[in-house]
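For reference, the structure discussed in these notes is given below.
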Amino acid sequence: MVGITGSMSQTIELARKMSSCDISLLITGETGTGKDLLARTIHQLSPRCSGPFVGFSCANLPEALIEDELFGHEKGAFTDAITARRGRFEAANGGTLFLDEIGDLALGLQAKLLRVLQQRSFERLGSNQAIPTNLRMICATHRNLESLLEQGRFRKDLYYRLNVMQVRLPSLRERREEIPVLACHFLSCYARQFHKKVNGFSPMAMHALEEYCWPGNVRELENTVQRAVVMADATTIELWHLPKNLCGGFNRAVSGHSYEEEVRDFKRRLILRTLLECGGRKTEVARALGVGRSYLHRLINQLQIPCPEEFAGELPDSASSLQPLI
């Protein structure tokens, strides 16, 4: 796990302490905050690390299919059961079973899950033979289980059985100081995977990442950086390589930048916009800007402006609405 600072470091420290204790654990947090990654980390730090880690999501699946996935079935248990099949409980024996989106589990299956936790055994579908199980169960949900309890949609006895210890993963909005570290980590991973020479973010691009609300949390940040690496042709990810929803409410003022840096950035974006408007013809660009062609060439070299054919092919919103700084 990377980007561990502030509130997240306290969460990881709590998880580290619980990893050595073989108890049930409930992880809560918004979608995309890394609940699966945290569960795997706890497993790797636990005495069960040599055993299997088996994950399963209870979301958006029919009750019958979830039951079969968890408990398995015997040959002939139903029409299409032409062979016996092990379920996730058997597969996780000796290790850790991670049940994601436990709040979506139907009440009927909640009762069966409770019985497994109490009796430490289960039966395959179509069989009455009890199979002992030895595993640690970690569950996760983005839902408010206390609210589901009040609505009668989640069993109290199962909740108390699962919620021996609870870890809440904060949203990315609550730990913005980790965004640069995470973004650079994903940049390095995808640049290596796609054989790109991208090695950093421009100040404006990074500021946009830091100011965005990230409703999809770390997963959305990873996808955004992956897309930007694909779009980028130079060594730096610029603001216009990011999705438009990140840049729509972007405030141009970047705190901590000097006057010279702001002017340099303005010049660079102005020339980029004019190059795009003139189709890359530098003589027309120089005429439009009212400068000499030799001076324009020096500016392009100094500001490290790529050729127009290297652009994404679309005029960035930020460049199309330039206003003088002074």
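The values are calculated or read from the model by the stated rules, or taken from the named source; none is laboratory data. Worth saying up front: this structure is predicted, and the values here are computed from it rather than measured. Glycine gets a Cβ as well: all are built from the backbone with ideal geometry, and neighbour counts include every protein chain shown.
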Scanning the range 58-86 residue by residue, those hydrophobic (A, V, I, L, M, F, W, C), free of Cβ contacts under 8 Å to residues at least 24 places away in the same chain and in a helix (DSSP H, G or I) turn out to be ALA64, LEU65
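Where residues in the range 134-150 are in contact with a Leu (Cβ under 9 Å, 6 or more places away or on another chain) and not in a strand (DSSP E or B), which of them is nearest to THR83 (Cα to Cα)?
Start the filter on the range 134-150 by keeping residues that are in contact with a Leu (Cβ under 9 Å, 6 or more places away or on another chain), which leaves 135-141, 145.
Filter once more, so that each one left must be not in a strand (DSSP E or B): 135, 145.
Details: LEU135: 25, LEU145: 37 Å.
Among those that are in contact with a Leu (Cβ under 9 Å, 6 or more places away or on another chain) and not in a strand (DSSP E or B), it is LEU135.
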Would you check if ARG175 is charged (D, E, K, R) and surrounded by fewer than 17 Cβ atoms within 10 Å (Cβ to Cβ)?
-> no
Selected residue (criterion: farthest from HIS185 (Cα to Cα)) from residues of the range 2-40 that are of a type in the set (D, E, K, R) and at pLDDT 90 or above = GLU30
Evaluate the range 25-35: report whether one residue or more is more than 30 Å from ALA84 (Cα to Cα), of a type in the set (D, E, K, R) and out of contact with any strand residue (DSSP E or B) (no Cβ under 8 Å at 6 or more places or on another chain).
-> yes
Filter the range 29-57 for residues that are touching a Gly at 6+ places or on another chain (Cβ under 9 Å) and in a strand (DSSP E or B); the one that is nearest to SER147 (Cα to Cα) is VAL54
Residue among VAL181, VAL198 that alone is β-branched (Val, Ile, Thr) and free of Cβ contacts under 8 Å to residues at least 60 places away in the same chain | VAL198
Of all residues in the range 185-206 being within 19 Å of the chain's Cα centre (by Cα) and of a type in the set (S, T, N, Q), which is farthest from LEU242 (Cα to Cα)?
-> GLN193
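Would you check which residues across the range 98-135 are at positive phi and surrounded by 18 or more Cβ atoms within 10 Å (Cβ to Cβ) and list them?
Start the filter on the range 98-135 by keeping residues that are at positive phi, which leaves 101, 120, 126.
Passing the criteria: only GLU101.
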Kindly list, by first and then second residue, each pair from a residue in the range 265-288 that is crowded, with 19+ Cβ neighbours inside 10 Å to a residue that is among the charged types (D, E, K, R) and in a helix (DSSP H, G or I), limited to pairs with Cβ atoms under 8 Å and residues at least 6 apart or on different chains.
-> LEU275/LYS282; ALA286/ARG293
